[in-house]
Amino acid sequence: MISEIGAFCLMLALAFAGAQVGLSAAGRVRRSTVLAAAGEGAAVASFLGVALAFACLVHAFVTSDFSVANVAANSHTEKPLLYKVAGAWGSHEGSMLLWCLALTGYGAAAATLGRGLPQGLKALMVATQGVLGLVFLAYTVFASNPLVRIPLNAVPVEGRSLNPLLQDPALAIHPPFLYSGYVGMSVVFSLAVAALIEGRVDAAWARWVRPWALAAWSLLTVGIMLGSFWAYYELGWGGWWFWDPVENASFMPWLIATALLHSAIVTEKRGALAGWTLFLALGAFTFSMLGAFLVRSGVLTSVHAFAVDPKRGVLLLLILGFTAGAGFGLFAWRAPRLSKGGVFAPISRESALVLNNILLAAATTAVFLGTLFPLIREAMTGEAISVGPGFFNIAFTPMMAVLAVVLPAGPLLAWKRGDLQGVGQRLMLAAAVAVGAGLLTLALVSPRKALGALGVAVGAWLIAGAVTELAERTRAFRVPAADSLRRLVGLPRGAWGMTLAHLGLGVFVLGACFEIGWRGEAAETLPIGGTLDVAGYHLVLDRVAPVDGPNFDADQAIIKATKDGAPVCTGRPERRVYPAGGQTTSEVAICYRGFSHLYMVLGERRENPAGKAGPPVWLVRAYWNPWATLIFLGPIIMALGGVISLSDRRLRLGVAARSRPATEPEPAKGKKPREQPA
Amino acid sequence: MSWLPKSPKARRRLTLVGAIAPVLALAIGLTLWGLRDSISFFYTPSQAAKANPPPGRTVQLGGLVRMGSVTKHPDGRVEFVVADRTAYDKVTFQGDLPDLFREGQGIVATGAFREDGVFEARQVLAKHDERYMPRELTKALKEQGEWRGDGSTPGYAKAQTP
């Protein structure tokens with residue numbers, strides 16, 4: 001019964017989305033507040049409908065209602081509760097419902113929170129959001145409905161269980177973050193479409209876009225980080241990023257959103273780059289949809305993809321083509337009429353942000369080409385090929401390196417016309433810190449690696465640059481300390497956000513370069529009591545014992561690690577067998593040594609080399625991943641920066657309207673408008 | 001600098017072009033250079049026999065793991081036979097096989113052929129999801145009539161099919 005209610009609510013949500021489009025569009029055409037308000041009401045109703053449907057699906061999973069096809073295929077009575085709930089978005093159908101939930105949720109939020117927006121723009125935004133809701137809800141209802149029942153005579157007694165690799169806390173919360181990030185770009189998309197139809201893109205518009213872009217970007221950052229962390233400790237391959245198409249699919253919208261955040265600043269402060277900001281606003285959601293398409297259609301070979309269904313792939317491609325085509329078509333038609341905005345000198349904050357955008361866009365293009373090249377090549381020559389991680393290391397990394405090197409200078413440059421020499425002087429200390437860190441790494445860390453040391457120097461440069469920027473804002477060491485402290489406390493949150501985000505990038509670069517440069521790896525088949533050495537650590541396989549889990553049986557190894565004779569830690573990696581699906585997974589053990597990880601995997605059991613009679617041996621792999629914690633800490637700091645920036649008073653939606661035009665200094669910060677956050 | 005155009009708009013455009021051009025050149029150069037070295041071709045055993053890739057060149061070999069062909073050596077080396085309808089190749093792999101590696105299942109191995117015709121795999125890919133098969137493999141197997149069921153079929157029965 002409950003799943004029928006859910007299916008009904010989903011239909012209702014679809015109808016409301018239709019009403020949302022009609023009412024809001026009519027509200028704009030007739031300039032009627034009543035109609036527009038009704039459209040906003042429909043947006044909220046549509047969200048409530050999807051929320052109820054989603055609650056029904058979760059209920060079906062929690063109660064293990066195997067008469068629902070999706071539950072039977074993805075759940076199991078013995079599964080822990082967290083994974084029963086997470087199973088609701090573990091499959092293609094359920095994740096599409098989650099997508100719709102986020103989409104209508106953002107629609108409802110935009111309708112209720114956007115009080116300060118001009119009537120016409122808001123009505124058009126709600127209408128566009130309604131079109132998106134309509135398209136995706138229609139797809140979910142008619143092509144991938146998760147609430148469909150199995151015929152009564154075919155209802156299984158037990159479900160097939162969620163893929164055991166997905167039964168993991170990080171992956172249970174990864175999709176909600178990732179999807180809220182992906183779909184958050186839809187509001188930005190709708191705002192861009194609305195602005196194009198209205199024919200006005202100005203500082204105020206950029207200011208309305210920023211909170212949505214920031215929120216979506218922060219969520220996406222956390223989502224990607226969680227996915228990477230999951231791959232790191234669940235796959236047991238010792239790596240954290242594989243340039244897999246599915247990873248790239250989530251990374252491309254992130255890159256575009258990052259570019260958008262920066263170009264929106266130029267549009268907000270200086271009124272320039274309006275067309276480009278619009279283009280990125282449309283592009284961010286287009287790449288999100290492309291990601292959804294790549295993951296679900298199976299056109300690319302990936303280790304993470306959902307089960308393949310060509311029919312759905314075609315439908316998703318049609319949705320992508322329709323939405324992006326309409327958006328960019330509108331852009332091509334209307335954008336030339338937009339006003340061009342202020343001019344700026346080649347050396348200025350604007351130029352630095354433009355350079356940031358050029359590099360990010362080029363990097364996105366490189367990732368895009370590498371991801372889709374197999375498709376293009378196959379369409380042209382019919383040969384099946386694959387593009388390895390080597391391509392991305394060559395094509396992507398240098399551009400990011402250039403970006404990292406110029407980054408600290410950007411926030412120190414003045415708007416309109418900057419003073420490169422002055423900036424250079426102010427960055428002297430940071431440069432010294434960076435060079436010092438690089439030389440120190442070269443001197444102290446063995447084996448000696450120039451490229452790794454260079455990476456460490458870049459990471460230190462970013463961190464020191466962020467700190468320098470903060471010191472500049474507070475005039476540290478130039479005015480009395482108390483004065484500096486007062487300035488520090490009084491800094492706008494947006495400034496803190498930027499500093500933290502840049503700092504987080506530095507932390508990430510530091511961790512990533514150190515891990516890639518100095519990781520160690522060892523693998524061997526060990527009998528009980530056998531030993532393995534990795535990066536100065538001495539591992540002893542103490543014993544292997546069976547362990548019972550809630551829905552799996554496991555072999556658990558006890559591995560004792562020592563360094564220079566002193567005990568360090570005991571790792572308990574497991575090899576789990578899930579009887580429900582007949583699958584095996586490895587559960588990694590990680591010893592945390594400061595920021596570094598000693599990473600142990602228990603592999604297959606093999607027969608004794610001496611003969612069948614002897615005791616069995618196990619394949620044991622161990623990795624030394626120095627400073628790996630920083631890789632995951634960096635993005636968290638970046639996302640934190642986004643959230644703090646989001647809490648800035650001046651970014652709240654209601655306030656934005658009152659402080660128009662954007663160039664007008666605000667009363668509280670009137671004395672130093674130059675020091676507004678970038 | 002008198003050669004610069006006078007209008008500020010034209011100057012800005014010139015600056016923009018000046019900034020974009022090197023990045024674009026860098027991006028294109030890196031992309032082409034990167035693609036030259038890191039693309040690898042996908043073959044089934046019979047396609048590999050026809051194309052005959054030179055030993056040492058990185059390629060991907062896809063097919064079904066022949067039943068009963070898997071030999072696991074105690075030193076960690078694994079040998080198995082990857083086959084399609086008309087041809088087969090011996091594969092040797094040093095390391096831990098993916099958790100979903102099974103006889104009779106489709107896999108994709110990345111590596112290179114040795115002089116003696118044995119395929120030395122650096123990486124063996126089977127899927128997280130037992131319902132999934134790599135797309136190149138699906139296509140190649142379908143063309144040969146070796147296809148064993150649609151990827152989207154719920155695998156109640158499939159899980160038992162050898």
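The values are calculated or read from the model by the stated rules, or taken from the named source; none is laboratory data. The model shown is predicted, which means the values in this text are computed figures rather than measured ones. Cβ atoms come from the backbone with ideal geometry, glycine included; neighbour counts cover every protein chain shown.
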Selected residue (only one of A:Thr525, A:Thr531, A:Thr570 is in contact with a Cys (Cβ under 9 Å, 6 or more places away or on another chain) and of a type in the set (S, T, N, Q)): A:Thr570
Looking at A:Glu234, is it within 17 Å of A:Pro169 (Cα to Cα) and surrounded by fewer than 21 Cβ atoms within 10 Å (Cβ to Cβ)? yes
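In region B:24-39, is there at least one residue being assigned to a loop (DSSP other than H, G, I, E, B) and within 12 Å of chain A (Cβ to nearest Cβ)? If you could, list the steps in order and put the result at the bottom.
Within region B:24-39, the subset assigned to a loop (DSSP other than H, G, I, E, B) is none.
Taking every residue of region B:24-39 in turn, none turns out to be assigned to a loop (DSSP other than H, G, I, E, B) and within 12 Å of chain A (Cβ to nearest Cβ).
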Please specify each residue of region A:464-507 satisfying the condition of being in a helix (DSSP H, G or I), without any contact (Cβ under 8 Å) to a residue 24 or more places away in the chain and of a type in the set (A, V, I, L, M, F, W, C). A:Ala471, A:Ala481, A:Ala482, A:Leu485, A:Leu488, A:Val489
Sort out which residues of region A:531-582 are over 17 Å from A:Ser161 (Cα atoms), among the small types (Gly, Ala, Ser), surrounded by fewer than 20 Cβ atoms within 10 Å (Cβ to Cβ) and in contact with a Pro (Cβ under 9 Å, 6 or more places away or on another chain), and write them in order of number. A:Ala535
Which one of A:Gly455, A:Gly410 is within 14 Å of chain B (Cβ to nearest Cβ) and among the small types (Gly, Ala, Ser)? A:Gly410
Just name the residue that is nearest to the other protein chains (Cβ to nearest Cβ) out of those in region A:148-162 that are out of contact with any Phe, Trp or Tyr (no Cβ under 9 Å at 6 or more places or on another chain) and either under 19 Å from A:Ala292 (Cα atoms) or touching a residue at least 40 places away in the same chain (Cβ under 8 Å) (or both). A:Val148
I'd like to check something: does region A:334-355 contain any residue that is at the interface with another protein chain (Cβ under 10 Å from one of its Cβ atoms) and within 17 Å of A:Leu255 (Cα to Cα)? yes
Only one residue in A:Val188, A:Val209 is at pLDDT 95 or above and surrounded by 22 or more Cβ atoms within 10 Å (Cβ to Cβ). Which one? A:Val188
Working carefully through the options B:Val59, B:Val78, find the one that is within 11 Å of chain A (Cβ to nearest Cβ), among the hydrophobic types (A, V, I, L, M, F, W, C) and closer than 22 Å to A:Gly238 by Cβ. B:Val78
How many of the residues making up region A:60-77 are surrounded by fewer than 17 Cβ atoms within 10 Å (Cβ to Cβ) and either in contact with a strand residue (DSSP E or B) (Cβ under 9 Å, 6 or more places away or on another chain) or in contact (Cβ under 8 Å) with a residue 24 or more places away in the chain (or both)? 2
Among the residues of region A:464-482, is there at least one that is buried (at least 16 other Cβ atoms within 10 Å of the Cβ) and of a type in the set (Asp, Glu)? yes
Would you call B:Ser69 over 25 Å from A:Trp276 (Cα atoms), more than 10 Å from chain A (Cβ to nearest Cβ), of a type in the set (S, T, N, Q) and assigned to a loop (DSSP other than H, G, I, E, B)? yes
Quick one: how many residues across region A:194-206 are surrounded by fewer than 24 Cβ atoms within 10 Å (Cβ to Cβ) and in a loop (DSSP other than H, G, I, E, B)? 3
